[in-house]
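First the structure, in the form of structure tokens, and then the observations on it.
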């Protein structure tokens, strides 16, 4: 597989960080970095990783099935991850998640028909003092309210039609 | 994420650079005694470095509170194998968001702490294992590593000392269990995050089967001030056997949630009412989880206590990761317990039976309870399952689930009883989420 220069450089750096004879050490971050570009862990991705790290498909499958950020099917262009764990819950995280479900017409791990948004109820993302919190892809949004969520969705829609990055 | 000014009760040691302009840059770091502790460590004998850390009474900030200097002293320096330094930046304990700030505002402090540890045990490489969700911090850390390399603090023959050392970031991909040190090492080696049997401990057989120093981010960040100003100065900031300051993340129903650096032993009620501005809406305090969601809950009347490892343990809970979760009188404790147990059921790696089955049963019974379908005998069943898990699981995750479960039914039994016989949750009008 061919990746962007940026991803390829990242993968090279990663492989260089493994001690001699321990190529497999790169497996977890390599899958995540590739997923960021490709969108999901596809059979081609697994094959690519196997040849780069000299591991078996089974060893890769074991890892893919374990880590919650790794997925077999692409998420939406904007993957909304809302924390409802205890600190965010105390600040209204569960209500925010329900609001998001209604607003987007999808549930946990759903993707909107146009592929623009996907939604996930996630466990603690390390934003406990600024809850309820969510991540759009890797970007954090703190102290969210249903109103702020609606504004964020409109902003992301506008960004997308203007083709700029989130 | 920072309040514009620190609270007057704060003692700024690890957070002293947080509010400086470009605090993450090496220029700011060098202008504020950055890497001076490492230069000093280069002139010290390795055993003297460890001795200084022992004197500081620094205890592991990840949650277990094990004495750091002692942990370092277990590394067999004479071993012919390479030695590794691993920073646990997997911050995943619900209620905890302090390492994120340390890496965001002062990444060089982490690098310097790791360098000093490397000098103390003779390590050749270090890894910062960071949770995958913290991608923006990987960028910040990679930049800091590059800056440190350009300034000669990393690489070969560092500052002409003959010491070689590299640091790399290594991303996780979503797993609470990988915060457990041996599961972290499995993940670092490219495997599922299933814990290893201990002993051997990582100090003798850690990353890639080699001797390894593995500490939390905050622990490493405390090392430069200890070396620079002496272990005793750090120890004196805290209480006996609990040296230094600690970053407390205060979340939940307070007026000024945030991360505050306070001396070890700071009173919990003062923390809530004074530092964090009191309870929102003038309501009454009901309960506090003192150190992240795996710690037994405290009732309001138990909260007048010094926040150090030993005092909180005497009160029947744990200081844990310093994540103080504050709940006011409107909180349904059944819902809180159900949400916490749902988390542990989700994160159990499934490797050992008491944890895999126990967390799931606890989660299901608590959720059922909160839906109003609880049975009277469930209250004791929750306690029984929890007691049967305690000490019988392969790694601490089972205890992390069982301890809070037990504490909620023991301390708030009346709230469980109030949910019986199909009665709606007395604290909520409509929805049930857990």
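Odds and ends about this structure:
- Any hit, region B:37-60, residues being surrounded by 24 or more Cβ atoms within 10 Å (Cβ to Cβ) and under 30 Å from residue B:327 (Cβ atoms): yes
- Answer residue from region B:239-258, given it is outside any strand (DSSP E or B) and within 7 Å of another protein chain (Cβ to nearest Cβ) and is surrounded by the most Cβ atoms within 10 Å (Cβ to Cβ) among those: B:257
- Residues of region B:80-97 that turn out to be outside any loop (DSSP other than H, G, I, E, B) and closer than 12 Å to residue B:133 by Cα, as a count: 1
- Residue match in region A:107-114 (condition: touching a residue at least 40 places away in the same chain (Cβ under 8 Å) and at negative phi): no
- A single member of B:190, B:132 is part of a loop (DSSP other than H, G, I, E, B), over 22 Å from the mean Cα position of the chain (by Cα), modelled with pLDDT of 95 or more and buried (at least 19 other Cβ atoms within 10 Å of the Cβ), and it is B:190.
- Wholly within region B:293-387, helices (runs of 4 or more DSSP H) carrying at least 2 residues that are away from chain A (no Cβ under 12 Å) and in contact with a strand residue (DSSP E or B) (Cβ under 7 Å, 6 or more places away or on another chain): B:309-314
- Tabulated pairs, region A:116-138, first in contact (Cβ under 8 Å) with a residue 60 or more places away in the chain and at the interface with chain B (Cβ under 7 Å from one of its Cβ atoms), second surrounded by fewer than 24 Cβ atoms within 10 Å (Cβ to Cβ) and assigned to a loop (DSSP other than H, G, I, E, B), C-beta under 6 angstrom, 6+ apart or interchain: none
- Residues of region B:203-238 satisfying the condition of being surrounded by 24 or more Cβ atoms within 10 Å (Cβ to Cβ), more than 14 Å from chain A (Cβ to nearest Cβ) and outside any helix (DSSP H, G or I): B:213, B:214, B:215, B:238
- For region A:145-165, the condition of being part of a strand (DSSP E or B) and crowded, with 17+ Cβ neighbours inside 10 Å holds for none of the residues.
The values are calculated or read from the model by the stated rules, or taken from the named source; none is laboratory data. Keep in mind that what you see is a predicted model, and the values were worked out from it rather than measured. Cβ: placed from backbone, ideal geometry, glycine included. Neighbour counts: every protein chain shown.
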